[in-house]
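Participant: For reference, the structure I am asking about is given below.
What follows draws every value from the coordinates through simple rules; no lab data is involved. In this text the structure is predicted, and so the values were computed from the model without any measurement. Glycine gets a Cβ as well: all are built from the backbone with ideal geometry, and neighbour counts include every protein chain shown.
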Amino acid sequence: MKAIPLAYSVRNLWTRKLTTALTAGGMALVVFVFAAVLMLDAGLRQAMVSTGQPDNVMVTRRSAGSEVQSGVERPQAALVEAQPEVVAASKETVVLIAQHKRDSGTVSNVTVRGLSPQGIALRPQVRLAAGRMFRPASTEIVVGRSIAQRFAGTGVGERLRFGARDWLVVGVFDAGGSAFDSEIWGDVDQMMQSFRRQAYSTVIARLADPGAFDALKRRLDSDPRLTVDVKRERQFYEEQSAALSGFISILGLTLSVIFSIGAMIGAMITMYAAVAGRTAEIGALRALGFRRRAILTAFLAEALALAALGWALGLGVASLMQLVHISTMNWQSFGELAFSFKLTPKIVLQSLAFAAAMGFAGGVLPALRAARLSIVDALRAA
């Protein structure tokens, strides 16, 4: 079977510049929405998962939905710290405070974490961006990069008031885009006194061997003195993003499907118009010996080329969203979380497949119509 060259399909798209641009633009809009939703979800997941370290373990109160809701009594925290698999541990308290944003003045929840110098050492991804680290047993605090950018009173040398105390900001830290960038850190004992806490929120433990996690978990789960949940730190933070991630995915993909229907109808109209305007041309191709399958393939290739153009435009615009930083409330902890859009190779392939599906769905019926035209009828229409 003789095949019609691909250049034939591409040249026909170039001949109809206006309709090609309009149809490709509609597909580009859908690809943009589809890719942006996936990038938003990927950025959220990366921010949360990168918060945890592979050899760290999170110990919280059993059935607590977040660190804010958790409470680990001091004797229980001491038991966890004394386990043979644990080489370092940090007993921490986590609370929410309300603070005003710099630009809008609106109030939003901010996560405050009380921790020890050992807790800082358990987060190797955290680096000081300005100032210095807080001193133990003091009312000094350091703030995440995202907090320093968005909230009033969080610059180095400024003071924040919460927990019935004034706290001096002595440094800004960069946690590499993780959820820690949206937190305020200070001394754990001072935080517990200020908020009148008798129990820690969580215990972070570093294991000598990450493979010893299962043995540690079995022992702590079976200890009648303990009522705690034991999870790998990365698993814990991944679960913290599940509710918000699910909402973003469902809402975004629903919008993408709705928009894609319109884009497919537009592509179908464009391809039907192309078939109607090239009836004589189709008859000539058939007369030259090209079979129905070759005609079908040529028109499908044209529709897929149209989709590829829309994909390239839509993904190109979506990639610029990586420059945008957004903040929203984490539905699990109720604290504000800042993160960025993230374009991954998987999203590139998924958006390409989505665009190809739109192109195929919009072009298959017109292509079948073109392939079914008889030589006599097509040449007579000329």
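Participant: Has the stretch 20-34 got at least one residue that is touching a helix residue (DSSP H, G or I) at 6+ places or on another chain (Cβ under 9 Å) and assigned to a loop (DSSP other than H, G, I, E, B)?
Facilitator: No, there is no match, as no residue in the stretch 20-34 is touching a helix residue (DSSP H, G or I) at 6+ places or on another chain (Cβ under 9 Å) and assigned to a loop (DSSP other than H, G, I, E, B).
Participant: Here is a follow-up. Among PHE134, PHE195, PHE236, which is the only one that is closer than 15 Å to MET58 by Cα and surrounded by 15 or more Cβ atoms within 10 Å (Cβ to Cβ)? Even if it seems obvious, please write down each step before you answer.
Facilitator: Values: PHE134 fails: closer than 15 Å to MET58 by Cα; PHE195 fails: closer than 15 Å to MET58 by Cα.
Just a single option satisfies the conditions, and that option is PHE236.
Participant: Give the residues of the stretch 41-96 that are under 29 Å from LYS346 (Cβ atoms), among the acidic types (Asp, Glu) and either in contact with a strand residue (DSSP E or B) (Cβ under 6 Å, 6 or more places away or on another chain) or surrounded by fewer than 18 Cβ atoms within 10 Å (Cβ to Cβ) (or both), sorted by residue number.
Facilitator: Within the stretch 41-96, ASP55 is the sole residue that qualifies.
Participant: So which residues in the stretch 118-133 are under 20 Å from VAL156 (Cβ atoms) and either among the β-branched types (Val, Ile, Thr) or more than 27 Å from the chain's Cα centre (by Cα) (or both), if there are any at all?
Facilitator: Passing the criteria: ILE120, VAL126, ALA130, GLY131, ARG132, MET133.
Participant: In the list GLY171, GLY177, GLY186, which residue meets the criterion of being assigned to a loop (DSSP other than H, G, I, E, B), in contact (Cβ under 8 Å) with a residue 12 or more places away in the chain and among the small types (Gly, Ala, Ser)? Step through it out loud before you land on a result.
Facilitator: Details: GLY171 fails: assigned to a loop (DSSP other than H, G, I, E, B); GLY186 fails: assigned to a loop (DSSP other than H, G, I, E, B).
Of the residues listed, the single one that is assigned to a loop (DSSP other than H, G, I, E, B), in contact (Cβ under 8 Å) with a residue 12 or more places away in the chain and among the small types (Gly, Ala, Ser) is GLY177.
Participant: Would you check which residues across the stretch 100-155 are more than 30 Å from VAL86 (Cα to Cα) and among the polar types (S, T, N, Q) and list them?
Facilitator: Within the stretch 100-155, SER104, THR106, SER108, ASN109, SER146, GLN149, THR154 qualify.
Participant: Also, I was wondering about something else. Going by the structure shown, is ILE120 part of a helix (DSSP H, G or I), touching a helix residue (DSSP H, G or I) at 6+ places or on another chain (Cβ under 8 Å) and of a type in the set (A, V, I, L, M, F, W, C)? Step through it out loud before you land on a result.
Facilitator: Numbers: part of a helix (DSSP H, G or I): yes; touching a helix residue (DSSP H, G or I) at 6+ places or on another chain (Cβ under 8 Å): no; of a type in the set (A, V, I, L, M, F, W, C): yes.
Here the answer is no, as ILE120 does not meet what is asked.
Participant: When you go through SER249, SER260 one by one, which is the residue that is closer than 25 Å to HIS325 by Cβ, out of contact with any strand residue (DSSP E or B) (no Cβ under 9 Å at 6 or more places or on another chain) and not in a strand (DSSP E or B)? Write out each step before concluding.
Facilitator: Working: SER260 fails: closer than 25 Å to HIS325 by Cβ.
On inspection, the qualifying residue turns out to be SER249.
Participant: Just need a number here: residues in the stretch 163-217 that are acidic (Asp, Glu) and closer than 25 Å to GLN46 by Cβ.
Facilitator: Step one: of the stretch 163-217, the residues acidic (Asp, Glu) are 166, 174, 181, 183, 187, 189, 209, 214.
With closer than 25 Å to GLN46 by Cβ added as a condition, the list becomes 174, 181, 183.
So the answer is 3.
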